[in-house]
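Colleague: Please read through the structure below; I'll follow up with questions.
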Amino acid sequence: MRRYVIVFARAPALGTGKRRLARDIGDVAAMRFERQMLDRVLRRLGRDRRWRLRLAVTPDRARLRKRLWPRGVLIAGQGRGDLGERMRRALAACPPGPAVLVGTDIPVLGPPHIADAFRRLGNHDLVFGPAADGGFWLIGARRSPCLPPLFGKVRWSSPYALDDALANLPRHVSVGFAATLQDVDDGVSYRRLAPRRGF
């Protein structure tokens with residue numbers, strides 16, 4: 001069965017994304033970081049033949065900006081709703097087979113992390129990649145026979161996001177965990193992680 005990696009991304013544009021980061025380092029630097037991270041994630045994950053890459057982008061009209069995206073990759077809009085509704089929609093839209101969804105703000109993210117998540121889906125219905133700040137950098141679903149209910153009421157962009165997502169799952173859903181990684185959401189995390197990664 002084919003595996004899918006969904007990159008959940010915002011099209012880089014001045015003054016629209018990474019607002020907490022932009023408050024700390026400025027709009028131009030935040031947009032530059034977003035653009036570099038998007039390119040890096042697509043390059044790192046798009047070359048691996050163990051899975052098919054898909055993109056879920058916002059705003060939806062950004063899918064038409066062909067020069068932003070690699071050729072040969074399915075690009076869909078994220079649609080309306082809160083973060084959980086949009087992530088669930090992206091996972092459900094994949095053809096049959098296991099799927100993982102990642103963002104573009106984890107500087108160390110690479111193919112070994114994705115391969116580990118797919119291995120864990122061999123034993124679990126869902127896999128989460130915890131972020132050091134209480135959120136998560138990855139959600140993966142075995143999707144057999146279908147995607148279980150996900151998310152519900154979650155305090156997004158808070159230290160409770162992962163705990164809330166887990167608390168809302170049905171009891172019969174088995175969950176595995178990938179490595180805890182650090183994302184870049186604000187100036188403190190940017191200064192700690194980005195210089196070591198060439199930003």
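The values are calculated or read from the model by the stated rules, or taken from the named source; none is laboratory data. Given the structure is predicted, the values throughout are model-derived calculations rather than measurements. Glycine gets a Cβ as well: all are built from the backbone with ideal geometry, and neighbour counts include every protein chain shown. Protein only, heavy atoms only, side chains kept; ligands, DNA and RNA dropped before computing areas. Shrake-Rupley method; radii C 1.70, N 1.55, O 1.52, S 1.80 Å.
Colleague: If you scan region 168-197, which residues turn out to be open to solvent by 50 Å² or more (accessible area, probe 1.4 Å), at pLDDT 95 or above and not in a loop (DSSP other than H, G, I, E, B)?
Modeller: PHE177 - this is the single residue of region 168-197 that is open to solvent by 50 Å² or more (accessible area, probe 1.4 Å), at pLDDT 95 or above and not in a loop (DSSP other than H, G, I, E, B).
Colleague: Among the residues that make up region 61-72, is at least one of them within 16 Å of the chain's Cα centre (by Cα), loosely packed, with under 14 Cβ neighbours inside 10 Å and at positive phi?
Modeller: Looking through region 61-72, none of the residues is within 16 Å of the chain's Cα centre (by Cα), loosely packed, with under 14 Cβ neighbours inside 10 Å and at positive phi.
Colleague: Hey, ARG10 hits all of (1) more than 17 Å from TYR190 (Cα to Cα); (2) of a type outside the set (A, V, I, L, M); (3) surrounded by fewer than 16 Cβ atoms within 10 Å (Cβ to Cβ) but one; which does it fall short on?
Modeller: Tallying (1) more than 17 Å from TYR190 (Cα to Cα); (2) of a type outside the set (A, V, I, L, M); (3) surrounded by fewer than 16 Cβ atoms within 10 Å (Cβ to Cβ), ARG10 fails exactly one: (3).
Colleague: Determine whether region 30-48 contains at least one residue that is open to solvent by less than 20 Å² (accessible area, probe 1.4 Å), modelled with pLDDT of 90 or more and more than 17 Å from the chain's Cα centre (by Cα).
Modeller: Taking every residue of region 30-48 in turn, at least one turns out to be open to solvent by less than 20 Å² (accessible area, probe 1.4 Å), modelled with pLDDT of 90 or more and more than 17 Å from the chain's Cα centre (by Cα).
Colleague: I'm trying to understand the selection: among the residues of region 6-47, which are of a type in the set (Val, Ile, Thr) and either over 26 Å from ARG142 (Cα atoms) or free of Cβ contacts under 8 Å to residues at least 60 places away in the same chain (or both)?
Modeller: THR16, ILE25, VAL28
Colleague: Going through region 121-149 one residue at a time, which ones are in contact with a helix residue (DSSP H, G or I) (Cβ under 7 Å, 6 or more places away or on another chain) and modelled with pLDDT of 90 or more?
Modeller: Across region 121-149, the qualifying residues are VAL127, PHE128, GLY129, PRO130, GLY134, GLY135, PHE136, LEU138, ILE139, GLY140, ALA141, ARG142.
Colleague: A further question follows. Just to be sure before I move on: is VAL57 of a type in the set (Val, Ile, Thr) and surrounded by 22 or more Cβ atoms within 10 Å (Cβ to Cβ) in the structure I sent?
Modeller: When the stated conditions are applied, VAL57 passes them.
Colleague: While we're on this one: Of these, ILE114, ILE139, which one is assigned to a helix (DSSP H, G or I) and under 23 Å from LEU53 (Cα atoms)?
Modeller: ILE114
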